[in-house]
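The values are calculated or read from the model by the stated rules, or taken from the named source; none is laboratory data. Since this is a predicted model, take the numbers as computed values, not measurements. Note: ideal-geometry Cβ built from the backbone for every residue, glycine included; neighbour counts use all protein chains shown. To get the accessible areas, we keep the full protein, side chains included, count just its heavy atoms, and leave off ligands, DNA and RNA. Shrake-Rupley method; radii C 1.70, N 1.55, O 1.52, S 1.80 Å.
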Amino acid sequence: MPEFTLEEVIERVARGESLERADLRELDLAKANLDNANLRRADLEGANLEEATLRRANLASVSLRDAFLVRANLEGANLRGADLESANLEGANLRGADLSRANLEGANLEGADLTGARLPSAQLIDAKLGVATLENAVFANADLRNAYLGGANLTAVDFQNAILESANFEEALLTGANLRDAVLRRAALPGADLSGAKLERAVLEGADLSQVSLLEADCRHATFHGARLKGAKFSRTHLYGSDFSIEVADGAEVDEVDFSVAGDGSQLIPASALAAFLNGKTDGGTASPQAAAVAVAPIPTNRRYFGHGDVLRDASLEFDADSIVEVDGRFLKCNITLGQGAQLIIGREGLLDGCQVHGSGILVIHGRFTSEAAPGIDGARRIIVGATGCLRATVKQPAGHTHFAFEPGCVLRLKTETA
């Protein structure tokens, strides 16, 4: 039995009294006016809040598991750390709401308005956000695996570092979205509009990008391996340092693309010259304007690959800024220096044992990195450990901090130090 009746709840809220930690499980609060209510840590599991108004309410750490919040008004509400697993928020108003670290696994948010809402580090696995309005919402570091966002308005949304594996974005509007360092492995984006989106270092392996618009999108250092690109539109797309190739681009519609380091459009390559550019070839004769552009353009040669049979022991290695270094072999007691923005990617079969890594680079670990050295990693700007990754090391963080991202299933034994 709930601790209070509907009438008692409404009276207490009207008098400005707190309902913190109140037991309101399965209470029928449909259409109740609970604006500005203090329901912090209250238990509303299974409660009926259909069309209730909870504007600016304090719902921090509240339990709303399996609650019915269809068309509820939660504008500006504080839902930090709230448990909304399997809750029904269809058509709800969550404009400007704070859902930081909230649990929305399996929740129904179809048609909801989350304009300007904050959901950093929130859990939205299997959530339904079809045709929702998410303009300018923040999902940095959130987990949206298998979420459905078909037809959603995601204009200028922030998905930086988010896990979006197998998420469905069909026909979604993602213009100007921030997807830097996001993991979109096997995501479905057919017909999505990514014009002007920021996809630097995004992982798009095996993603369905058919009929996607990438007009002026920034895809520098992005991974397209295994992606489906039939009908995808590349026009003034920034591709420096990506794994974009003629083979990868099979089926895509390419106008002209930009391979400038800064992504400033200063090195546009027309479709007619793209194959020669990617292969480092020109026609060798009196060059046409397109071929001449290819002839003077520096070919991206910033990738280094160390395969399964490669073994390096006691070596000192230095990689320039924005380099991409992939390791599927073994590095033993090596000293590695990474330039600004350089990426060191340890594949599933890769091993770095007893090594030290220095510099303001990015580490992506799908294999193993183990080091007894103190520190094993010094100054890294970002460390990402995949589900198959193992990291056992001391990390010395720079003054500007290190950003960490750990996928479920990874193995960690981590100690941090400050500079």
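Considering the stretch 299-318 alone, what residues qualify as being buried (at least 17 other Cβ atoms within 10 Å of the Cβ) and either in contact with a helix residue (DSSP H, G or I) (Cβ under 8 Å, 6 or more places away or on another chain) or closer than 15 Å to Cys355 by Cα (or both)?
If the condition is that a residue be buried (at least 17 other Cβ atoms within 10 Å of the Cβ) and either in contact with a helix residue (DSSP H, G or I) (Cβ under 8 Å, 6 or more places away or on another chain) or closer than 15 Å to Cys355 by Cα (or both), then Leu312, Leu317 are the ones that fit.
Can you tell me which residues in the stretch 157-179 are farther than 15 Å from Pro120 by Cα, open to solvent by 10 Å² or more (accessible area, probe 1.4 Å) and not hydroxyl-bearing (Ser, Thr, Tyr)?
Across the stretch 157-179, the qualifying residues are Glu165, Asn168, Glu170, Glu171, Leu173, Gly176.
Specify the residue that is most open to solvent (accessible area, probe 1.4 Å); the eligible residues are those in the stretch 29-47 that are assigned to a loop (DSSP other than H, G, I, E, B) and of a type in the set (Asp, Glu).
Going through the qualifying residues, I end up with Glu45.
Cβ-Cβ distance below 6 Å, separation of 6 or more or different chains: which pairs start in the stretch 380-397 with a residue that is closer than 18 Å to Gly347 by Cβ and end on one that is small (Gly, Ala, Ser) and outside any loop (DSSP other than H, G, I, E, B)?
Ile384/Ala405
Of the conditions (1) buried (at least 21 other Cβ atoms within 10 Å of the Cβ); (2) at positive phi, Gly206 fails just one. Which one is it?
Only one criterion in (1) buried (at least 21 other Cβ atoms within 10 Å of the Cβ); (2) at positive phi is unmet by Gly206, namely (1).
Any residue at all in the stretch 333-340 that's basic (Lys, Arg) and crowded, with 19+ Cβ neighbours inside 10 Å?
no
Note down all Cβ pairs under 6 Å where the first residue falls in the stretch 217-230 and is within 18 Å of Ala192 (Cα to Cα), the second is open to solvent by less than 20 Å² (accessible area, probe 1.4 Å) and among the aromatic types (Phe, Trp, Tyr), and they're at least six residues apart or on different chains.
Phe224/Phe244
Would you check if there is a residue in the stretch 226-238 being of a type in the set (Lys, Arg) and part of a strand (DSSP E or B)?
yes
Within the stretch 108-141, how many residues are part of a strand (DSSP E or B) and out of contact with any Ser or Thr (no Cβ under 6 Å at 6 or more places or on another chain)?
Number of matching residues: 4.
Could you tell me which numbered condition Ser121 fails, if it satisfies all but one of (1) within 21 Å of the chain's Cα centre (by Cα); (2) of a type outside the set (Phe, Trp, Tyr); (3) modelled with pLDDT of 95 or more?
Unmet for Ser121, out of (1) within 21 Å of the chain's Cα centre (by Cα); (2) of a type outside the set (Phe, Trp, Tyr); (3) modelled with pLDDT of 95 or more: (3).
Determine if the stretch 214-233 includes at least one residue that is of a type outside the set (A, V, I, L, M, F, W, C), at pLDDT 90 or above, open to solvent by less than 10 Å² (accessible area, probe 1.4 Å) and within 23 Å of Asn168 (Cβ to Cβ).
Yes, because at least one residue in the stretch 214-233 is of a type outside the set (A, V, I, L, M, F, W, C), at pLDDT 90 or above, open to solvent by less than 10 Å² (accessible area, probe 1.4 Å) and within 23 Å of Asn168 (Cβ to Cβ).
Outside any helix (DSSP H, G or I), open to solvent by 10 Å² or more (accessible area, probe 1.4 Å), in contact (Cβ under 8 Å) with a residue 12 or more places away in the chain and within 18 Å of Asn88 (Cα to Cα): is that true of Glu50 in this structure?
For Glu50, the condition - outside any helix (DSSP H, G or I), open to solvent by 10 Å² or more (accessible area, probe 1.4 Å), in contact (Cβ under 8 Å) with a residue 12 or more places away in the chain and within 18 Å of Asn88 (Cα to Cα) - is met.
Open to solvent by 10 Å² or more (accessible area, probe 1.4 Å), among the polar types (S, T, N, Q) and under 10 Å from the mean Cα position of the chain (by Cα): is that true of Asn141 in this structure?
The answer is yes for Asn141.
Please report, ordered by residue number, the strands (runs of 3 or more DSSP E) entirely within the stretch 349-419 with at least 2 residues that are surrounded by 17 or more Cβ atoms within 10 Å (Cβ to Cβ).
Where strands (runs of 3 or more DSSP E) fall fully within the stretch 349-419 and carry at least 2 residues being surrounded by 17 or more Cβ atoms within 10 Å (Cβ to Cβ), they are 351-353, 356-358, 362-365, 368-370, 382-385, 390-397, 403-406.
For the stretch 1-28, what are the residues that are surrounded by fewer than 16 Cβ atoms within 10 Å (Cβ to Cβ), more than 20 Å from Asp66 (Cβ to Cβ) and hydrophobic (A, V, I, L, M, F, W, C)?
Ala14
Condition check ((1) crowded, with 24+ Cβ neighbours inside 10 Å; (2) more than 19 Å from Asn93 (Cα to Cα)) across all residues:
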| position | (1), (2) |
| --- | --- |
| Gly111 | no, no |
| Gly116 | no, no |
| Ser121 | no, yes |
| Leu124 | yes, no |
| Ala127 | yes, no |
| Glu135 | no, no |
| Arg145 | no, yes |
| Leu149 | yes, no |
| Leu154 | yes, no |
